[in-house]
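Please treat every number below as a calculation from the coordinates, not as lab data. Nothing here was measured: the structure is a model prediction, and the numbers come from that model. Cβ coordinates were reconstructed from backbone atoms using ideal geometry, including for glycine residues, and neighbour counts include every protein chain displayed.
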Amino acid sequence: MRAIRVASAALLGMTALALSAPAAVAKSDNITPFGFSVLPSTIAAGGEVALLLERDHGGCKGSATVTSAVFDTITIPSHKSQAIAVVDWDARPGAVYRVTFTCDGVSGSTSLTIAGSRPVAPTPVPLHPGRGVQAGEGGSFAGFDLKEIGLGAALILGSVGTAYHLSRRRGGEDGA
């Protein structure tokens, strides 16, 4: 009976530890202190794409450079968050090109797919307002520090230790 209690306490502790691991620990090769995107992500040769840079969290303070093999190098000034790029007419349909954003010495990249047909009219570019809703960090590394991680680990270890102690103490009181 005592082994079941100890095993239950250990299983409960391990479950709590496994479920408390943050989603931000997931492996990603494209972690930058600023957000970026290319809209639309699929475009016909000769079309226009919006190059968007998120500066709200202070990850990119200076000017940003956007490079790709499918359009000319674009510089986004420090006081702006977007720019327009015209895709080369000779881009191969169906090809996927890398678009690299570099700001303050940090680089991140995304992909741009070339569609099969050429546009007849200019491609509409979605416009983003200057400021939007701050809805949270959503699984990023923002806000995590060593003190918070250590406190969380101490709480988990304390709960596992307490469960183990209580399971051992009850075994002695039952006369087993």
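Between residue 3 and residue 169, the distance separating the two model label sites (each 7 Å from Cα on the Cα→Cβ line) works out to 2.5 nm. Going 7 Å from the Cα of residue 98 toward and past its Cβ, which residues in segment 57-84 have a backbone nitrogen under 12 Å from where you end up? Under cut-off, by backbone N: 67-69. Here segment 46-85 is described by how far its Cα atoms reach on the three principal axes: 33, 13, 13 Å, from widest to narrowest.
With a Förster radius of 22 Å applied to the beta-carbon distance between residue 65 and residue 42, the computed FRET efficiency rounds to 0.40.
Straightening the chain between residue 157 and residue 110 buys 12.9 nm, computed as 0.36 nm per residue apart minus the Cα-Cα spacing. The value given for segment 30-120 is a Kirkwood hydrodynamic radius of 13.2 Å, derived from the mean inverse Cα-Cα separation.
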